[in-house]
Amino acid sequence: MARSTTNVFARKAFPLLTLAVAFAVPALAADTKAPVKGALVKNAPAKKAPGKKQDEKIGIYDLKAIRAVPLNPEIIGKTKKGNIVFEEVKFTSVPGVRTYMILSYKEGANKLPGIVVIDRFKAKPKEVEATNNYVAISVAPVSGNMDPKKKDTVGGPRIDPTKFSMDDHYKENPNDSYIYHHTVALLRALDYLESRSEVDLSKTVVSGYSWPGLMAAHLHALDDRPAAYVIFHGLGYYSDPDGMSGGRRAPISRKQYEMYGAGAYAKYGKKPMWVGVAMDDYFTRLDSIMEVYENLQCEKKFVWVPNRHHHETQRKELSYPAPYPWQTHWQMGNPRPSEIAEGTVAIENGKVLYTATVEEKEALKTSEIYVSYGKPGNWLGRTWHSFPLRKAGEKYQAEIPIYDAKVPFYVAGQISTPNGWYVGNGLQFIEPEKLGVSTANATYPNVLFDPSRKSDLYLRTGKSTWVAEGPGGKGSVILVPDDPQNDLGMIQFQNIDPMFWKGGKEISVFLKGDGKPGPVTAYMAYDTNYYIDKSVPNYTQFQLVPTGQVFAAGWKEYVLPLSKVANLPRVGSLFFETAGSRPLQIGTISWR
Amino acid sequence: MALTTLLSAVVALQAPSTPVTADLVLLATSPTPDVAKIRPYRSALVAQEYQVKTIVSGKNPDVKAGSKIRLFRWGLMDGKPTKVGKAKKGDKVRLTFKPLAGWTQMEREFQVDTLESDLAITYFVEVGKPK
C-alpha cells in the first residue's frame, strides 16, 4: 500500500523523542539491501556484535538457552507511506512464541541510529522517529493471541489490556510472565537487527516509559550492544531481605524482587543509563531508585521530579529536551552536557551543609537540592522541599534546615540549564544525630504556600495560572483539576509536614468562590496516594461549602482544625475537590 | 555545531500540529477498562475507528471525506468512565483531534487498543475531554 503523503511531514509536530538528533543523523546512503517481503531470513551473522553477551546466566535469563532457539525471522509485510517504510517482521523469541515487530525507517536507510521504543501493548509504526532519520523498533509484547494471521505476537501468556495490573506479572515461573517474555523478545529483536544494514546497534537507544521502563532496565543488564538506555519512571518495586519496603510489607516478595526487580539487575549492564523519575511514583518507589542507583556499574544520569507523580508542572523536568543532551552524547558523541557530582553532607559552623561540584558547560538556570524529611516510607506522600544550591568558590553549597534533629531526611542535588535540561546526583539518606546534630537549627515556616513566589513545587495538579490579585497582596493561583493532560480530578497540595508544626492548631486556606453551586471539599490524607481513593478511609474530610450551598463569590478564609485530623503525624497531602471538577483559585495556605 | 546551538535550532522548528474538526461515524471501538483492573492507572485512552464524513475545520493529509481514521479518546478519567464507553457503531459525532505521532504525552498514556492492527490507518487523539 502506498499513499500520497505530500507535505505530511511538514505539517506534523516534530517529535519530542527525536528532535535533538534531527540534525545529527548523517545523510542516508543509497545502497540499502533490505530483504524483500515474504522472504525467510537467515539468522543473524555469526560475527559477534560488540557488547553482545552470549553465555551468561543473569537472573531469570539464561542467555545461552535463549540463544539456542532459532530466530527463524520472516518479513511478513512492508507498507510505504511516502518515503517511510513500515516493515513487519516475525521471529521466534521463545519456543512457541512468534514475536511480531514493526521496523520504521526511511527508504534507503543505511546504518542509521536506532530507537527501540518499548510499547506496553502491541507494536506500533513509528512514523515520526523514522522521519527524523532513526530506525525505530517496536516489538509486540505477548498478548495471548493465537491467530497467526493477526498483526500481533502469537503464543505466550494471555495479557488483557483492560485487566492489566502491574502486580500480576511477577510470576513464579518466568514463562508465565509478561516481563520475561517481553524482555526476551526485545533481546532477540536486537539479535535479529544485527543482520540488518539499515540500523547501527551501537548507536541505538532503548527507551521505556512507566511500565515498559522495567523491561528497559532488564534489557540493560542483558545487552551491552545499544548505546544507552533511557527510562522514565519504570524501575518498579523494591523488597528488602525481610520483604519490607519503607517499614511496610513490600508490594512484592523478596523472591519476586530478586527475579524481577530493576535493582537486582542493575549491576550487570555496562552501557549508560538515563533515568527520569518521580520521587513519589507509585511503581518506582524511592527505595527501588536508591537500590538501582547504588548497584549500577555504568555511567548513570538521573533526573529528579519532586511532588508531581507523572503529571506536568511548569518545572518540566521530563519534557523536552529531557534525556536528549545525554542521549545524543552517548549515541552521537555530542558534547558532554553540564553535570553535578555526588554531594556530601557535613556540619560546618553549626550548619548542615550539602556540598557538590558542578561541571558547568554553560550558565545554569537552576541549582538546588531536594530534601524530604521523615523516616523511610510513605513513598507516595512525601513532601520534597527545594533549597538553593549556591556557588561557593569552586563548589556549590546548600544549607539544610534542621527542624528536628531526630527526624532523618533524604537529599539529592539537581541542576538545570537555560535550555531546559535537568540532571541530578545520587539520593542520600541522612540522620542528623549521626552527623552530630543534637538540636534544631531552624523553625518550620508557617506559610506553606505563598502564591507570590509563583512556584508550583508543591502543586501536584498540572496547570497553574498565576494571578496578581489575592489576599494580603500575595496573589493567587488558578488550578484546573480535570485538564485531560493532568487528570487527577482533584487539586493536590503537597507541602504537608505536620511532624514539624509544633503547637499547630489549624490550617488556614484562602479560596476565591466562583458564585456557583457547591460542594467544595478539602481532604487531609495520610499514607497518601496521588489521588483520594474513597474506598480507602485514609483521610479526614472537611466540607468547606456544603452541597446545596453556593461557593460565594469572592475571597474567604477557610480553617481546618488539626485536632480533627485523623493520624495527623502521618498526614502528607491536602486535596481540594470542587463540584464538576471546576477550577479553583487558591491564595495563601499556612498553619498556625 | 555546539550542542546548545543545535538544540536551540531544533526548538525553533517545533510547531504544534493544527487540530482538525470533522463529522465522523463510529465504525468500531475498543472496550473501556474498569479502573479497578488497571491500577495504579486512573485514566485510559481508548481506540476507536471512524469514517470521516465531512471536515469542518483544519487540515491533515490523512483526514479526507470517506477515509478511515482511528482516534484515541479518554474512556476513563480520574477513575471514572466517560461517555466514550457508551458509544455504539453508527454513532455520528463531531470531534476535534490531533495526530498521535509526536504527541509524546499521549503516546505514553495507558492505551487500550483492541482494534485489528492496520498500518495504513493513522491514529489521532481527541483534543480535550470527551463531551
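Only the coordinates and a few stated rules stand behind these numbers; no lab work does. Because the structure is a prediction, the values reported are computed rather than measured. All Cβ positions, even for glycine, are placed from backbone atoms using ideal geometry, and neighbour counts span all protein chains on display.
Results, tabulated for the structure shown:
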{"item": "Simple label model, 7 Å out from Cα along Cβ direction - A:ALA468 to A:ASN349, nm", "result": "3.9"}
{"item": "Pairs from A:LYS171/B:LYS37; A:LYS255/A:LYS301; A:LYS124/B:LYS83 whose Cα-Cα separation, in the structure shown, is over 25 Å", "result": "A:LYS255/A:LYS301; A:LYS124/B:LYS83"}
{"item": "Dipole of chain A [Lys/Arg +1, Asp/Glu -1 at C-beta], most positive-end residue of A:TYR526, A:VAL480, A:GLY243", "result": "A:VAL480"}
{"item": "Cα shape, region A:489-551, gyration tensor, a/c 1.5 rule", "result": "oblate"}
{"item": "In order through region B:18-30: 3J(HN,Hα) via Karplus (6.51 cos²θ - 1.76 cosθ + 1.60), integer Hz, x for Gly, Pro", "result": "6, x, 10, 10, 8, 8, 10, 10, 6, 9, 7, 9, 8"}
{"item": "Residue exposure sequence - B:ASP91, B:ASP113 - by fewest surrounding Cβ within 10 Å", "result": "B:ASP91, B:ASP113"}
{"item": "Cβ charges +1 (Lys, Arg) and -1 (Asp, Glu), total dipole of the protein assembly as shown, debye", "result": "1720"}
{"item": "Shape call, region A:532-592: gyration tensor on alpha carbons, a/c limit 1.5", "result": "oblate"}
{"item": "Shielding of B:111-118 by partner chains, average beta-carbon count, 10 Å", "result": "5"}
{"item": "Selection from A:SER195, A:HIS181, A:PRO432 lying farthest towards where the dipole of chain A points positive, charges on Cβ", "result": "A:SER195"}
{"item": "Cβ neighbours within 10 Å from other chains - mean over A:552-562", "result": "0"}
{"item": "Amide H contacts under 5 Å for A:GLY114, placed H, 5+ residues apart", "result": "A:VAL135, A:ASP200, A:LYS203, A:THR204, A:VAL205"}
{"item": "Cut-off under 5 Å, modelled amide H: who pairs with A:ILE402 long-range", "result": "A:ASN441, A:ALA442"}
{"item": "Over region A:473-592, relative contact order from alpha-carbon pairs under 8 Å, at least 6 apart, %", "result": "46"}
{"item": "Segments B:21-33, A:84-96 sorted - mean Cβ within 10 Å per residue, highest first", "result": "A:84-96, B:21-33"}
{"item": "Order of A:HIS310, A:HIS220 under a 10 Å beta carbon neighbour criterion, fewest first", "result": "A:HIS310, A:HIS220"}
{"item": "Virtual spin-label span in nm between B:GLN51 and A:GLU433, 7 Å along Cα→Cβ", "result": "7.5"}
{"item": "Filter on A:LYS375/A:LYS395; A:LYS106/B:LYS98; A:LYS516/B:LYS86; B:LYS86/B:LYS131 - keep pairs with C-alpha separation over 21 Å", "result": "A:LYS375/A:LYS395; A:LYS106/B:LYS98; A:LYS516/B:LYS86"}
{"item": "Efficiency of FRET between A:ALA579 and A:ARG249 - r from beta-carbon atoms, R0 41 angstrom, step 0.05", "result": "0.65"}
{"item": "Hits among lysines - C-alpha to C-alpha of A:LYS474 under 22 Å, sequence gap 8 or more where chains match", "result": "A:LYS454, A:LYS463, A:LYS512, A:LYS556"}
{"item": "Dipole moment magnitude, nearest 20 debye, region A:416-498 about Cα centre, only Lys, Arg, Asp, Glu C-beta charged", "result": "200"}
{"item": "Proximal charge balance of A:VAL117 [Cβ under 11 Å; K/R count +1, D/E count -1]", "result": "+1"}
{"item": "Rel. contact order, % - alpha carbon contacts under 8 angstrom, at least six apart, region A:191-294", "result": "28"}
{"item": "GluC sites (Glu not before Pro) lying in DSSP loop within region A:429-532, provided at most 14 other Cβ fall within 10 Å", "result": "A:GLU469"}
{"item": "Distant-in-sequence amide H partners of B:PHE124 (H built 1.01 Å from N, under 5 Å)", "result": "B:ARG70, B:LEU71, B:PHE72, B:LEU100"}
{"item": "Total formal charge among the other residues, if their Cβ is under 14 angstrom from that of A:TRP555, Lys/Arg +1 and Asp/Glu -1", "result": "0"}
{"item": "Computed FRET value (nearest 0.05) for A:LYS267 with A:ASP167, which takes r as the C-beta separation and R₀ as 22 Å", "result": "0.35"}
{"item": "Using θ = phi - 60° and Karplus 6.51 cos²θ - 1.76 cosθ + 1.60, couplings along region A:364-378 (whole Hz; Gly, Pro as x)", "result": "8, 8, 9, 8, 8, 10, 9, 10, 10, 8, x, 5, x, x, 6"}
{"item": "Region A:149-207: trypsin sites (Lys or Arg not before Pro) in DSSP coil with no more than 14 other Cβ atoms inside 10 Å", "result": "A:LYS149, A:LYS150, A:ARG158"}
{"item": "Mean separation of Cα contacts under 8 Å, 6 or more apart, over the residue count of chain A: relative contact order %", "result": "9"}
{"item": "Net charge dipole size for region A:116-247 [Lys, Arg +1 and Asp, Glu -1 on Cβ; Debye, nearest 20]", "result": "520"}
{"item": "Karplus-derived HN-Hα couplings along region A:278-288 (A = 6.51, B = -1.76, C = 1.60, θ = phi - 60°), whole Hz, x at Gly and Pro", "result": "5, 7, 10, 6, 5, 8, 9, 8, 4, 5, 5"}
{"item": "For region A:455-592: rounded, prolate or oblate by the Cα gyration tensor [a/c cutoff 1.5]", "result": "rounded"}
{"item": "Rh by Kirkwood over Cα pairs, then Stokes-Einstein D for region A:416-500 at 1.002 mPa s and 20 °C, µm²/s", "result": "131"}
{"item": "Peptide A:156-168, shielding by other chains (average Cβ, 10 Å cutoff)", "result": "4"}
